[in-house]
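Q: Here it is, the structure, as structure tokens.
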Amino acid sequence: MLRIEDLKVNYGGIEAVKGVSLEVPQGEIVTLIGANGAGKSTILRTISGLVKPSGGKVFFNDEEITGLIPYDIVSKGITLVPEGRKVFPDLTVLENLKAGAYLRKDDIKPDIEWVYSLFPRLKERSWQAAGTMSGGEQQMLAVGRALMSKPKLMMMDEPSLGLAPLIVKDIFDIIKTIVAQGVTILLIEQNANMALQTANFAYVLEVGRITMTGQGKELLNNEEVRKAYLG
Amino acid sequence: MKKLSSANLITVLLLIVFFISLIVLEQLIAPTDRMNMLLVSLRQGSIFALLAVSMNLLNGFTGLFSLGHAGFMLIGAVTYAIFSIPLAYRDMVYLYYDYVIKVSFPEIFGNLLGGPGMMIGVLISIILAGLVTALIAFLVGLPVLRMRSDYLAIATLGFGEIIRAIIMWQGMGRITNGANPLRMFTRTDSFNITIGGYTFGLITFTLALLSAVGIFIILLLVTSSYGRAFKAIREDEIAAEAMGINLFKHKQLSFCISSFFAGTGGALIAIFMGTVAPIQFRAAMTYEFLLIVVLGGIGSITGSILGAMLFVFASMWWLRGLDSGAFLGLERITIFGVNLGEQVFVSGFRLVVFSVIIMCVVLFFRRGLMGDKELPYYVDKIRSKFKPTPKAGGVDA
């Protein structure tokens, strides 16, 4: 579904991503794990068009989308759940969801109900300002907001960041539910344990290069990965 | 058509009462009456309300801190004036230049259709003023809107002054009359209707109605999906972009629409004041509107309207006595050998008191009088105080 070939990204002379190739097949959960500064977020930001690559190509359903503006990329069906949630704090939960469906012209009511059925908590808080909710609820809202654009591919940047372990487990359960409903997921995590247990396929990223690939469960038992990321 | 919630209904009823009372008041109060100040303040207040709301669209809803409002108002005022001075008077207005624009819409339509035709001409001139302003705002926006926060504020502030300098420039004299005031254009007196020898004064009503139409259009925009996109940009640009909102396009849209209404508001100011002197439209004027927006509540339309009314009433009417030596009888008091009336209540003291009041508002109403809520929200709140069981979820979707 998504294919990246030899992607390179520079931040003012510093090469953050040094030629990464990866593939995300339809209907699966693929995860990218790696330490701080490995270039994980940069890759997601480049796919979603927030950062321009200095080299390499990005294909979505065999169509090249390298260097397009975010507007075009979202309308093709790729949505990003940004790092640190980034909900719109002064807007209500419902307004946040509606903002997520901004590019859609069709009826969004059924999807709002769908998101509410995934996250009953959001329905209770539908009139609350998003900024006043807890971190876990905000993460649910960020995911719900991204789902409102009816994405084919949803990219999640560290959904477990700053959340209690129990809530992290909830979020990952939801991810599995979403995939079962036909959305493909590209997931970035520092919480390698959780990510590898959930993902079908995983890439390990180190300072801008992919150093290891394999099935999620396989990497979970790999000695090197255990040492470096699982402790 | 969606059914109005009861809180919205009350707000609409209040508005209707307000407009009817405007018509009635204008018939009751003679221009020589002391209470005429009420009418004058209402006129200026409603124009200021439109201008404040248009600024709020940009600063409050889209989160673009722009300070070029006075410049855009000037474009609107000048455009209106140029296209509505009757041709016969142009020689008296353009004393030092040969005027090039020889069109006067109120005159054209007035000759064509009689009395009501002139109103159409005035309307066309006002809308043209808005369009010209929006066009120039579009051009200014191309470079300026690529900047953020403080840089945007500085750049727009600069452009506001540049616009004024260009309009005052001698080279533009044949169009804008340079630094000389434009006058003798169609004014408020033309809004009165004479039926059977009795003249109905409709000046206040007309100005308030025109402003209200503008405010209503902005309200519709803010509650539409565009409005949601504007608010999303204000809250978080990166998240908004990740939702597929085209940042630059929406900023440009908000900037142009805000400027359109700054231009129409400027035209109304011209109608209200009777002359347009570019020197009046300095950056200080922008700050007045910024003050109103902050006073009323950033992101609240009804807040801006309330703020504008309070600002105009306080500075033009209620506190005027502080400048002229008579205020609530306090002028007779002498403290430490200082007579309040003669030595304290002199020219300029009004501004001192006004500043203190504003400081109090900023200290005790930190988010402005209304926060980012609208009037129906408060109507609901007051009503629920009187009801034993408050209804949950009273806000209309």
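Q: Report the extension gain between B:Val100 and B:Leu113 in nm, rounded to one decimal, defined as 0.36 nm multiplied by the number of residues separating them, less their alpha carbon distance.
A: 2.1 nm
Q: With a cut-off of 8 Å between alpha carbons and a minimum separation of six or more residues, what is the relative contact order of the range B:37-282 in percent?
A: On the way: 407 pairs, mean separation 98.3, N = 246.
Result for the range B:37-282 is 40 percent.
Q: Still on this structure: Over the whole of B:226-236, what's the average partner chain Cβ count within 10 Å per residue? Rounded to a whole number, please. List each step's numbers first, then the result.
A: Working: counts 1, 1, 9, 4, 0, 6, 9, 2, 3, 11, 8.
Across B:226-236, the average partner-chain Cβ count within 10 Å equals 5.
Q: Taking 41 Å as R0, compute the FRET efficiency from the Cβ-Cβ separation of B:Cys360 and B:Phe138 and round it to 0.05.
A: E between B:Cys360 and B:Phe138, to the nearest 0.05, is 0.55.
Q: Suppose only helical runs count, i.e. DSSP H with n ≥ 4. What mean residue ellipticity at 222 nm does that imply for chain B under -39500 (n - 2.57) per run, divided by all residues and rounded to the nearest 500 deg cm²/dmol? Can you show the working numbers first?
A: Values: 17 runs with 249 residues, N = 397.
Value at 222 nm, helices only, nearest 500: -20500 deg cm²/dmol.
Q: Can I ask one more? Over 24 Å between Cα atoms, which of A:Lys40/A:Lys217; A:Lys40/B:Lys231; A:Lys109/B:Lys385 qualify?
A: From A:Lys40/A:Lys217; A:Lys40/B:Lys231; A:Lys109/B:Lys385, over 24 Å: A:Lys40/B:Lys231; A:Lys109/B:Lys385.
Q: Still on this structure, I have one more. Taking the Cβ-Cβ separation of B:Leu15 and A:Glu223 as r and a Förster radius of 60 Å, what is the calculated FRET efficiency to the nearest 0.05?
A: With R0 = 60 Å, the Cβ-Cβ based efficiency is 0.20.
Q: Taking every pair of alpha-carbon atoms in the protein assembly as shown, what share in percent sits in each 10 Å bin, from 0 to the bin with the longest distance?
A: Calculated P(r), rounded to whole percents: 3, 14, 20, 20, 16, 12, 8, 4, 1, 0, 0.
Q: May I have the extent of the alpha carbons of the range B:37-282 along their three principal axes, as whole Å values ordered from largest to smallest?
A: 63, 43, 34
Q: Further, regarding this structure: Please order A:Leu219, A:Leu91 by the number of other Cβ within 10 Å, starting at the fewest. Spell out each step's value before the answer.
A: On the way: A:Leu219 25, A:Leu91 21.
In increasing order of surrounding Cβ atoms, one gets A:Leu91, A:Leu219.
Q: Continuing with the same structure: Which residue fluctuates most in the GNM of chain B (Cα springs below 10 Å): B:Phe191, B:Phe18, B:Phe205?
A: Of B:Phe191, B:Phe18, B:Phe205, the Gaussian network model singles out B:Phe18 as fluctuating most.
Q: Another question, then. So how far apart, in nm, are the two label points at B:Arg34 and B:Met92 if each is 7 Å from Cα heading toward Cβ?
A: 3.5
Q: In addition: Can you give the FRET efficiency to the nearest 0.05 for B:Arg320 and B:Ile127, using r as the Cβ-Cβ distance and R₀ = 41 Å? Please list the in-between numbers first.
A: On the way: r = 34 Å, r/R0 = 0.84.
In this case the efficiency is close to 0.75.
Q: Once you charge only the Cβ atoms, +1 for Lys and Arg and -1 for Asp and Glu, what is the size of the charge dipole of chain B about its Cα centre, to the nearest 20 debye?
A: Magnitude of the dipole: close to 760 debye.
Q: Please find, in a Gaussian network model of chain B (springs between Cα atoms separated by less than 10 Å), the residue of B:Lys251, B:Lys381, B:Lys373 whose mean-square fluctuation is greatest.
A: Evaluated over chain B, the most mobile residue of the options is B:Lys381.
Q: Then there is this: Show which aspartates and glutamates lie in cross-link reach of A:Lys86 when reach means a straight Cα distance below 18 angstrom and same-chain residues fewer than eight apart are skipped.
A: By straight Cα distance, A:Lys86 reaches A:Glu95, A:Glu137, A:Asp157, A:Glu158, A:Glu189, B:Glu235, B:Asp236, B:Glu237, B:Glu241.
Q: Using 0.36 nm per residue, how much length does the chain from A:Lys169 to A:Ser134 gain when fully extended, once their Cα-Cα distance is taken away?
A: Between A:Lys169 and A:Ser134, full extension yields an extra 11.0 nm.
Q: I want to verify a result. In a Gaussian network model of chain A, Cα cutoff 10 Å, which of these has the top mean-square fluctuation: A:Gly12, A:Gly135, A:Gly100?
A: Fluctuation is largest for A:Gly12.
Rule-based calculations on the coordinates, nothing more; no lab input. In this text the structure is predicted, and so the values were computed from the model without any measurement. Cβ sites come from the backbone with ideal geometry, for glycine too, and all protein chains shown count toward neighbours.
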